[in-house]
């Protein structure tokens with residue numbers, strides 16, 4: 001009987017540790033968002049500069065028709081690589097405005113789903129998956145980029161080098177966001 005109590009106690013301790021870790025992650029997220037709100041930059045284009053060479057250009061991605069795709073095949077002009085998932089609430093809210101921005105402003109994008117497979121992605125798009133959507137099945141590309149939260153977006157320069165990282169969701173329809181993004185695209189080598 002004592003061994004059962006010991007086992008139950010260990011299980012309870014593991015469950016408590018998992019709960020504490022999730023609570024800590026939630027607190028950290030709220031803290032960061034609180035700081036952004038205090039700075040008055042909730043809708044602004046908050047980003048980090050990225051240093052270093054190209055990465056993940058040859059990692060395997062898959063198009064909706066099952067063909068292999070790589071980032072290397074998409075470079076030549078600046079490219080926004082947007083990591084998202086159908087199960088991610090902020091991703092679901094952000095994606096329509098992100099896609100609309102790309103279409104209206106003729107910005108090259110690659111929407112990298114980190115979902116388990118195509119069935120959920122096809123269902124998300126009611127069977128009409130846009131050509132810019134690819135699947136990172138197995139997560140090789142997202143690991144090479146260091147994706148830790150979703151959504152996560154990188155701006156790649158013409159040579160494929162990541163220059164900017166946008167953590168978390170944005171309201172891409174805001175004029176101030178679009179103006180700042182235009183400047184970043186020009187820095188990355190956009191040809192007008």
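What follows draws every value from the coordinates through simple rules; no lab data is involved. Everything numeric in this text was worked out from a predicted model, so none of it was measured. Heads up, the Cβs are rebuilt from the backbone with ideal geometry, glycines too, and the neighbour counts pull from every protein chain shown.
The table for this structure:
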{"read-out": "Count of the stretch 84-119 residues which are in a helix (DSSP H, G or I) and over 19 Å from residue 140 (Cα atoms)", "value": "17"}
{"read-out": "Subset tally (residues that are at positive phi and buried (at least 20 other Cβ atoms within 10 Å of the Cβ)) for the stretch 53-109", "value": "1"}
{"read-out": "Residues that are touching a helix residue (DSSP H, G or I) at 6+ places or on another chain (Cβ under 7 Å) and more than 19 Å from residue 87 (Cα to Cα), drawn from the stretch 114-155", "value": "154, 155"}
{"read-out": "The stretch 118-144 residues that are free of Cβ contacts under 8 Å to residues at least 12 places away in the same chain, paired with ones that are outside any loop (DSSP other than H, G, I, E, B) and crowded, with 18+ Cβ neighbours inside 10 Å (beta carbon under 8 Å, 6 or more apart)", "value": "125/133"}
